[in-house]
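What follows is a single structure, and I will ask about it in a moment.
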Amino acid sequence: TFSPTFHLLSILITAGPTWVAIDKVRVISNIASGETGILLSREAKRTGAKVTLLLGPGVSTCCLPRTVRVVHFRFFDELQKQMLGELLKHKYDAVIHCAAVADYRLRKVFGGKIGSDRKGLKLGLEPTPKILDMIRKEASSSVLAAFKFQPQALRSELLNKSRTLMARSGSDIVVANTVNNGKYKAYILKPDAVSGP
């Protein structure tokens, strides 16, 4: 949960899945629920923070206080544009980036709708730009919290990858999380400490 020191701070949170287009009607997505971002938004608001939530497709806002400002996005490009706009227009004390951002996109999106009569289909993918890196560049004075999800990862592997992410992105905090045998585990990493189960 949030510390009382978050009282009256301005916090930007991202949550939910991110789409990338295949054609005019199909997308590549992931199975993120957005629940973590919703819970963080509720808790931050409860402590008195001013909260803006960038929220991906298919995530319900029924449990959010009406005073949480919600900005919806669906596609990667929308999230990237909205994030940049928020950071240029507002000064946030903290940015909590827990959306499940698409790591790859098509080099060229198909026009129209791909016919279903094809015997095979190859999709040429390329890496998406790292939104986390953009956040640190545009919000150099904000506390930045990133998330690293690695399913079925051993503790050592998960922590090593999270430390690499922290070093590359300049994040102040990384939440390293995994699921093993149906059990969820998370560790909170700071530059000089690790807490968790």
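The values are calculated or read from the model by the stated rules, or taken from the named source; none is laboratory data. Nothing here was measured: the structure is a model prediction, and the numbers come from that model. All Cβ positions, glycine included, derive from the backbone under ideal geometry; neighbour counts span all protein chains shown. Side chains are part of the model used for accessible areas, which takes the heavy atoms of the whole protein and leaves out ligands, DNA and RNA. Shrake-Rupley method; radii C 1.70, N 1.55, O 1.52, S 1.80 Å.
Starting from residues that are of a type in the set (G, A, S) and out of contact with any Gly (no Cβ under 7 Å at 6 or more places or on another chain), keep the ones in segment 85-99 and report whichever is farthest from T18 (Cα to Cα).
Taking the candidates together, the pick is A94.
Moving on. List, please: which pairs have Cβ atoms under 9 Å, are six or more places apart or on different chains, and start with a residue in segment 34-53 that is at positive phi and end with one that is part of a loop (DSSP other than H, G, I, E, B) and open to solvent by 10 Å² or more (accessible area, probe 1.4 Å)?
Correct list of pairs: G34/G58; G34/V59; G34/S60; G34/C98; G34/A99; G48/H7; G48/L8; G48/L9.
V68 passes all but one of (1) open to solvent by less than 20 Å² (accessible area, probe 1.4 Å); (2) in contact with a Ser or Thr (Cβ under 9 Å, 6 or more places away or on another chain); (3) in contact (Cβ under 8 Å) with a residue 40 or more places away in the chain; which number fails?
That leaves (3) as the condition not met.
Would it be correct to say that Q82 is part of a loop (DSSP other than H, G, I, E, B), polar (S, T, N, Q) and closer than 25 Å to I31 by Cβ?
Answer is no for this residue.
Go over the candidates N181, N177 one by one and state the one that is farther than 24 Å from G56 by Cα, at pLDDT below 95 and out of contact with any His (no Cβ under 8 Å at 6 or more places or on another chain).
Numbers: N177 fails: farther than 24 Å from G56 by Cα.
None of the other options fit; the residue is N181.
Still on this model: Would you tally the residues in segment 119-145 being open to solvent by less than 20 Å² (accessible area, probe 1.4 Å), more than 15 Å from A102 (Cα to Cα) and of a type outside the set (S, T, N, Q)?
Qualifying residue count, segment 119-145: 4.
Scan segment 116-143 for residues that are in contact with a helix residue (DSSP H, G or I) (Cβ under 6 Å, 6 or more places away or on another chain) and not in a helix (DSSP H, G or I) and jot them down.
T128, A139
Another question, then. Which condition breaks for I96 when tested against (1) in contact (Cβ under 8 Å) with a residue 24 or more places away in the chain; (2) within 18 Å of the chain's Cα centre (by Cα); (3) over 15 Å from L12 (Cα atoms)?
Looking at each condition in turn, I96 falls short on (3).
Could you check segment 166-197 and list, in sequence order, the residues that are open to solvent by less than 20 Å² (accessible area, probe 1.4 Å) and either under 13 Å from L144 (Cα atoms) or outside any strand (DSSP E or B) (or both)?
Just the residues of segment 166-197 that are open to solvent by less than 20 Å² (accessible area, probe 1.4 Å), to begin with: 169, 171, 174, 176-178, 187, 189.
Passing the criteria: S169, S171, V174, L189.
Looking only at residues that are among the small types (G, A, S) and in contact with a Ser or Thr (Cβ under 8 Å, 6 or more places away or on another chain) in segment 140-185, which one is farthest from K91 (Cα to Cα)?
Residue satisfying both the conditions and the ranking: A153.
Still on this structure: Taking segment 73-93, which residues are open to solvent by 20 Å² or more (accessible area, probe 1.4 Å) and in contact (Cβ under 8 Å) with a residue 40 or more places away in the chain?
Across segment 73-93, the qualifying residues are R74, F75, Q80, L84, L88, H90, K91, D93.
Looking only at segment 97-115, filter to residues that are of a type in the set (A, V, I, L, M, F, W, C) and part of a loop (DSSP other than H, G, I, E, B); which one of those is surrounded by the fewest Cβ atoms within 10 Å (Cβ to Cβ)? Outline the logic, then answer.
As a first pass, look at segment 97-115 and keep what is of a type in the set (A, V, I, L, M, F, W, C): 98-102, 106, 109-110, 114.
When the remaining residues are screened for being part of a loop (DSSP other than H, G, I, E, B), the result is 98-99, 101-102, 109-110, 114.
On the way: C98: 22, A99: 27, V101: 22, A102: 22, V109: 12, F110: 15, I114: 14.
The residue in question is V109.
Continuing with this model, one more query. Mind listing whichever residues of segment 8-58 are among the polar types (S, T, N, Q) and either surrounded by fewer than 20 Cβ atoms within 10 Å (Cβ to Cβ) or at pLDDT 95 or above (or both)?
Residues satisfying the conditions are S10, T14, T18, S29, N30, S33, S41, T47, T52.
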